[in-house]
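Just so you know, all these numbers are worked out from the coordinates, no wet-lab data involved. Note that the structure is a prediction, hence the values are computed from the model and not measured. Quick reminder, even Gly has a Cβ in these numbers, built from the backbone with ideal geometry, and neighbours come from all protein chains shown.
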Amino acid sequence: MVNSNTDKVREVERRVVDIYTKSDTSNKDVVCSIQSLMMMRWNMMHHGIMWDDEFVAKLDAMNEQMKQALIAMRYKTLDVYEYLKLRCPEDMKLEVMGRLYVDDMDMEGWEYESDMWANLSEILQTPAMSHDSLYADGITYPLVFNSTDNNSCHSCEECETMYMLYREKHYDNWNEHMDCNKTGHMHIIYGVHNMIDHCHWTLQDLINVKSYKTKIEVEYSNKQ
């Protein structure tokens, strides 16, 4: 996985971190500067991808890793919901929300746990630094189980899982911005699309993710 713009990418990353660490990130102009540089970084890295067999294999493995992490998140969230629903007072309604985030990753070109690694990974995971701020909800839309949702069929595991992964109840292939000849056979999940289209993550960033983490929120409210 060789990026032909490696030196230029590293220089842009240095500029991003310099602004991020030395400026007031509550200032809209500062945030816009960081977002612009992150978009520049995205374009340079994306156009530098060498669509060889090694990269395609890593992309396929990343897609599967994210898929399994989302499925595991669903099971954890559903387990919490089912446990609490049995104990929920009759006059209360229960909502359990699960989200999936990146836990640990490498940053291409930077030593693990170095200052550059720490700052760049933090910037990628800070919603305000993302042009659509969608990473606030994690890899993809949050998964919600609600005790008052009579239309939800939690027993239809396959349908719910497919919709979570593909936003459809069947296999899809969210392979925009990718080599169609190399990825046409893949079932790229919606989470990959969300991260590279609506956040500033690159495919290389996602390939370098080591692990994911689940966040579950529980809310009780009075029935109307």
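List of remarks:
- Rounded to 10°, Cα long-axis angle of helix 6-22 versus longest principal axis of the chain: 60
- Modelled spin-label separation between VAL144 and VAL30, with each label point placed 7 Å from Cα along the Cα-to-Cβ direction: 3.3 nm.
- Relative to the dominant Cα principal axis of the chain, helix 157-166 is inclined by about 30°.
- Inter-label distance, GLU168 to GLN68: 2.5 nm, where each label sits 7 Å from its Cα along the C-beta direction.
- On Cα atoms only, tilt of 53-85 relative to the major axis of the chain in degrees: 30
- Within the chain, longest stretch free of exposed chymotrypsin sites (Phe, Trp or Tyr not before Pro) [DSSP loop, at most 16 other beta carbons within 10 Å]: 52-111
- Low-density loop cleavage sites - GluC sites (Glu not before Pro) in segment 166-224, where at most 15 other Cβ are within 10 Å (DSSP): GLU168, GLU176
- Each residue of segment 208-224 is assigned a 3J(HN,Hα), and the resulting list reads 8, 6, 8, 7, 10, 9, 9, 10, 10, 10, 10, 9, 10, 8, 6, 6, 7 Hz, derived from the Karplus form 6.51 cos²θ - 1.76 cosθ + 1.60 (θ = phi - 60°), x at Gly and Pro.
- Mean separation of Cα contacts under 8 Å, 6 or more apart, over the residue count of the chain: relative contact order %: 29
- For the pair segment 42-76 / segment 174-224, the C-alpha centres are spaced 9 Å from each other.
- Dipole check for the chain: with +1 at the C-beta of Lys and Arg, -1 at the C-beta of Asp and Glu, and the Cα centre as origin, the magnitude is about 360 Debye.
- Average Cα contact separation per residue, segment 1-69, under 8 Å, 6 or more apart, as relative contact order %: 48
- Computed from label points 7 Å out along Cα-Cβ, the spacing between THR126 and CYS88 is 3.7 nm.
- The distance separating the Cα centre of segment 2-34 from that of segment 92-131 comes to 16 Å.
- Here, segment 138-224 has an Rg and a Dmax of 16.1, 54 Å when only alpha carbons are counted.
- Square roots of 5 times each gyration tensor eigenvalue, C-alpha, segment 1-114, largest first, Å: 38, 23, 11
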